[in-house]
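For reference, the structure I am asking about is given below.
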Amino acid sequence: MEIKVCIGSSCHLRGSYEVIEKLKSLIAEHSLENKVNLAASFCLGKCGAGVTVTGDGEFWEGVTPETVESIFKEKVLGNK
Ligand code: FES
């Protein structure tokens with residue numbers, strides 16, 4: 001699975017750096033380094049709604065440093 005986190009300026013202001021850090025530790029915590037590839041991306045064109053994150057091209061809605069853990073659990077752990 002490939003997760004991309006937008007680091008464009010609007011998403012950066014909403015905490016994309018923190019979202020990336022949390023995703024990194026969640027991936028490590030669940031030993032998913034071989035299954036999940038985490039990448040940064042330039043503006044994905046959806047600057048209005050939290051930090052823009054995609055998983056295998058699917059847009060994840062409403063990601064913030066506060067919600068990223070539960071979204072990760074649903075989208076990544078729920079998918080295994
Ligand atoms: S800055 Fe992230 S989608 Fe535009």
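FYI, it's all coordinate maths here, none of it is from the lab. Remember, it's a predicted structure, so these values are computed and weren't measured experimentally. Please note: Cβ atoms are built from the backbone with ideal geometry, for glycine as well, and neighbour counts cover all protein chains shown.
When the residues of the stretch 25-53 are filtered to those that are of a type in the set (Gly, Ala, Ser) and assigned to a loop (DSSP other than H, G, I, E, B), which remaining residue is nearest to the ligand (Cβ to nearest atom)?
Among them, the one singled out is Gly45.
Might you let me know whether the stretch 53-63 holds any residue that is touching a helix residue (DSSP H, G or I) at 6+ places or on another chain (Cβ under 8 Å), touching a residue at least 40 places away in the same chain (Cβ under 8 Å) and polar (S, T, N, Q)?
No - not one qualifying residue is present in the stretch 53-63.
Check whether at least one residue in the stretch 27-48 is at positive phi and exposed (fewer than 11 other Cβ atoms within 10 Å of the Cβ), and report yes or no.
For the stretch 27-48, residues at positive phi and exposed (fewer than 11 other Cβ atoms within 10 Å of the Cβ): present.
So, Lys22, is that one part of a helix (DSSP H, G or I), among the charged types (D, E, K, R) and touching an Asp or Glu at 6+ places or on another chain (Cβ under 7 Å) or not?
Spelling it out, Lys22 is indeed part of a helix (DSSP H, G or I), among the charged types (D, E, K, R) and touching an Asp or Glu at 6+ places or on another chain (Cβ under 7 Å).
Follow-up. Suppose we keep only residues that are out of contact with any Ser or Thr (no Cβ under 7 Å at 6 or more places or on another chain) and in a helix (DSSP H, G or I) within the stretch 5-18. Which one would you say is surrounded by the most Cβ atoms within 10 Å (Cβ to Cβ)?
The qualifying residue surrounded by the most Cβ atoms within 10 Å (Cβ to Cβ) is Ser16.
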